[in-house]
1. With the other protein chains left in place, how much accessible area per residue, in square angstrom, belongs to the range 5-148 at a 1.4 angstrom probe?
2. Quick one: if you stick a label point 7 Å off each Cα along the C-beta vector at Ala59 and Asp138, how many nm between them?
3. Any idea how far apart Ile5 and Lys90 come out in nm if each label point goes 7 Å out from Cα toward Cβ?
4. Dipole of the chain (Lys/Arg Cβ +1, Asp/Glu Cβ -1, origin at the Cα centre): which of Ala131, Ser2, Ile79 lies farthest to the positive side?
5. Take the Cα radius of gyration of the chain and divide it by 2.2 N^0.38 Å, with N its residue count; two decimals is plenty.
6. Working out 0.36 nm times the residue gap between Asp51 and Asn108, then minus their Cα-Cα distance, what length gain in nm do you get to one decimal?
7. Report, ordered by chain and residue number, the lysines lying within cross-link reach of Lys70, taken as a straight Cα distance under 20 Å and ignoring same-chain residues fewer than 8 apart.
8. On alpha carbon coordinates alone, what is the Rg over Rh value for the range 78-146, Rh being the Kirkwood radius?
Amino acid sequence: MSGCIFCRIVAGDAPATKIHEDDTLLAFLDIRPITRGHTLIIPKGHATDLDELSPALGARLFGFGHRLSKAMRRSDLGIHGANLLINDGKAAFQTVHHVHLHVVPRTNGDMFTLAKGFLLRRPHDQEATAAALRSGLDRLAAEEKETNA
Ligand code: 5GP
Ligand code: ZN
């Protein structure tokens, strides 16, 4: 959809630090992260909110959020958990009107860092962060391969 920043990212017309891409989804770092590794997962096709998203795509969106959350724990970023969140609609403070799942990494006892992150929303070393998350995904895939072998 023209004028939608996330559609422009999908089209390659706006920059993003990508974590994962497949036929239906794109995952990239939030430009104003709450914590290091804060990722947004979007359907590639424009859907404004959950009302416009098919249940099948919703399941894929959460499915990759689940996978990324596991990958984060396997990365070298010292992540112990994550908050997965969708702000669905203006009433819920959605500010970018292309549906997206936030995956916000958490570490044990990070309340102070989290509070600071909420206030400052400053990017960290985005390229190194993305590389660490991608290697977490690779480790997860290798683990699964071993389990199924
Ligand atoms: P919402 O409040 O709609 O759930 O969150 C929108 C998120 O998108 C915010 O966390 C914001 O920092 C992020 N965001 C807004 N514009 C851009 C952009 O151009 N690139 C990236 N990577 N993130 C963006
Ligand atoms: Zn869009």
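1. Numbers: 7890 Å² over 144 residues.
Per residue, the range 5-148 has 55 Å² of solvent-accessible surface.
2. 3.1
3. According to this spin-label approximation, the distance is 1.8 nm.
4. Farthest along the dipole direction, towards plus: Ile79.
5. On the way: Rg = 15.2 Å, N = 149, 2.2 N^0.38 = 14.7 Å.
The reported ratio for this selection is 1.03.
6. Numbers: separation 57, 0.36 × 57 = 20.52 nm, distance 3.47 nm.
Roughly 17.0 nm would be gained on extension.
7. Reachable lysines: Lys18, Lys145.
8. Working: Rg = 14.9 Å, Rh = 14.5 Å.
For the range 78-146, the value is 1.03.
The values are calculated or read from the model by the stated rules, or taken from the named source; none is laboratory data. Here the structure is a predicted model, which is why all the values come from computation and not from measurement. Every residue, glycine as well, gets a Cβ built from its backbone with ideal geometry; the counts of neighbours run over all protein chains shown. Side chains are part of the model used for accessible areas, which takes the heavy atoms of the whole protein and leaves out ligands, DNA and RNA. Shrake-Rupley method; radii C 1.70, N 1.55, O 1.52, S 1.80 Å.
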